[in-house]
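First up is the structure itself, then whatever we jot down about it.
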Amino acid sequence: MPIPLDAGNVLRNRYKIIDRIGQGGMGNIYLAEDTRLSGRKCAVKEVEHDKALSADILHEARVQFEREASVLARLDHPNLPKVSDFFSAGERDYLVMDYVPGEDLRTLLLDARGRNEFLAEKDILDWISQLADALFYLHSQNPPIVHRDIKPSNMKITPDGYLKLVDFGLVKILTPGEDTITIIQGQGTLLYTPLEQYGGSDTHTDVRSDIYALCATMYHLLTGQAPLDARQRFLNPQLDIDPRQINPAITPRTQKAILWGLEIHPNQRPESIDIFRKYLFGTKELPSRPSLRPTHIRLLDRLLEPPEVVLVSLAIVLLFFSLISTVSQ
Ligand SMILES: Nc1ncnc2c1ncn2[C@@H]1O[C@H](COP(=O)(O)OP(=O)(O)O)[C@@H](O)[C@H]1O
Ligand SMILES: [Mg+2]
C-alpha cells in the first residue's frame, strides 16, 4: 500500500493535496485544489505499480495507463466525472478529475440498513436510469468501453441528486483483434462480477458483463443484501434468492428485469443496455422468460420448445426409416 501524500503537498506544481478521501488496493484518492483554476476542487487518483514488476512490464503498464487515461479524458457525460489531466511522478501515476461531492451508494446502503429500512424503489430506479445513461454512453464509444467494476461503492450521489460513476479502475476498451487493455487491475469484490469475468479474464467480457454488475447492484440496493456471487449461484442454483422474497414491495417488472440481467450465461442476458432499460422502464416487453430456475433445467426447457421438438421428432422418424431400410435389404 503506497504511503499517502500529506496535505499541503503539491503535485505537478499545480494540484495541492487537501485531504485523503479514499484508499484503494493500488493507491490513494485525494481531494486537491487546482491552484491554476483557483477554487476548483479536484479528485486525484494515485496508482502505484507493483515494485516487483520488471522494467519492461512497468514500462508497458505506463504506456497502457497513458493510452487509457487519454481515452477517459475525451469522455464527456453528466454521469461521469470529467477527467482533466494525467501524469506520472516517480513510481506513481495520477489521474485528475472533477471532485464529486455527496455520498457513495455503499454508504447510503449501510445507513438504510442501520435504520432497518429498505431504500425506496423510486429513488433506486432514478439512479439506475442515470447509471444506464452513463453505460449507454460508454458502450457506444468506438471502440466500446466496458466499465467492468459497477458496484455501489463506485457511484456517488451528489446533493442535487445526480449519480456519478467515479471509478474507472478496471475500464476496458474493446479493441477488436488487440489484446486487452486494462489500466489498473484491482482486486475488487466478486459479488457484482459475472462468471465470465472471474480470474480477471478478459476474453469473454463485453457490454453484457456491465449489465450483470448493474443488476447485482440494483439487487443489493433494493434488498439491502448483495446477491450470491456468480460461482455460488452456478454451483448451488437452489440457493438463489428471488429479491421479492426479501423485499415483497419490489414491483414485478423490476424483479424480472433484475433476474434477466443476472442470468449466469451472457447469451441469456439482455444484449445491450438500451434493451435492458427499455424493458425496465416499461417501453419494451420482455423477449424471453427469465426465471430463477437453474440454468440446466432451463436448457431442458429450451430443448423442448416447439421448433426443437419438431426437429428432434423429424430426426427420430428419419433414423427409424433408415434403420428399416437397412434391415430389409
Ligand atoms: N472524483 C471523485 N470525487 C469524489 N470522490 C471520489 C472520486 N473518485 C473516487 N472517490 C471516492 O474515493 C473512493 C475510492 O475511489 P475509487 O476510484 O473507487 O478507488 P478504488 O479503485 O480504490 O476503488 C470512492 O468510493 C469514492 O468515495
Ligand atoms: Mg472503487
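Readers should treat all values here as calculations from the given coordinates under stated rules, not as data from a laboratory. Here the structure is a predicted model, which is why all the values come from computation and not from measurement. So basically every Cβ, Gly included, is an ideal-geometry build from the backbone, and we count neighbours across all protein chains shown.
The Rg/Rh ratio of the stretch 87-137, with Rg taken over Cα atoms and Rh as the Kirkwood radius over Cα pairs, comes to 1.17. Highest average first, the peptides 153-160, 205-212, 261-268 ordered by how many other beta carbon atoms sit within 10 Å of their residues are 205-212, 261-268, 153-160. Highest mean packing first, where packing is the average number of other Cβ atoms within 10 Å per residue, the peptides 192-198, 161-167 line up as 192-198, 161-167. Taking the fewest neighbouring Cβ atoms within 10 Å as the starting point, the ordered list for L214, L318, L110 is L318, L110, L214. Extents of the stretch 194-253, taken as max minus min of Cα coordinates on every principal axis and listed largest first, are 38, 24, 18 Å. In this simple spin-label approximation, K278 and S84 carry label points 7 Å from Cα along the Cα→Cβ vector, and these lie 3.9 nm apart.
Note that the stretch 5-15 has calculated 3J(HN,Hα) couplings of 6, 7, 4, x, 4, 10, 9, 6, 6, 9, 9 Hz, one per residue in order, obtained from phi through the Karplus relation 6.51 cos²θ - 1.76 cosθ + 1.60 (θ = phi - 60°); glycine and proline are x.
With θ taken as phi - 60° and the Karplus curve 6.51 cos²θ - 1.76 cosθ + 1.60 applied, the whole-hertz 3J(HN,Hα) list for the stretch 135-147 is 5, 4, 4, 5, 5, 8, 5, 10, x, x, 10, 9, 6 Hz, x standing for glycine and proline. The label-point distance for D50 and A315, in a model that sets each label 7 Å from Cα toward Cβ, rounds to 4.6 nm. Translational diffusion of the stretch 10-98, estimated by Stokes-Einstein from the Kirkwood radius over alpha carbon pairs at 37 °C in a medium of 0.692 mPa s, is 240 µm² per second. When you work out D = kT/(6 pi eta Rh) for the stretch 81-173 at 4 °C and 1.567 mPa s, using the Kirkwood radius from C-alpha pairs as Rh and the Stokes-Einstein form, the result is 88 µm²/s. A cut-off of 5 Å between modelled amide H atoms, ignoring neighbours fewer than 5 places along the same chain, links G22 with I29. For the stretch 50-101, report the translational diffusion coefficient in µm²/s to the nearest whole number, using Stokes-Einstein at 25 °C, 0.890 mPa s, and a Kirkwood Rh over Cα pairs. Result for D is 201 µm²/s. Residues R253, R115, R106 in ascending order of nearby Cβ atoms (within 10 Å, fewest first): R115, R253, R106.
Under the simplified labelling scheme, the I246-I324 pair shows an inter-label distance of 5.8 nm, with each label point 7 Å from Cα along Cα→Cβ.
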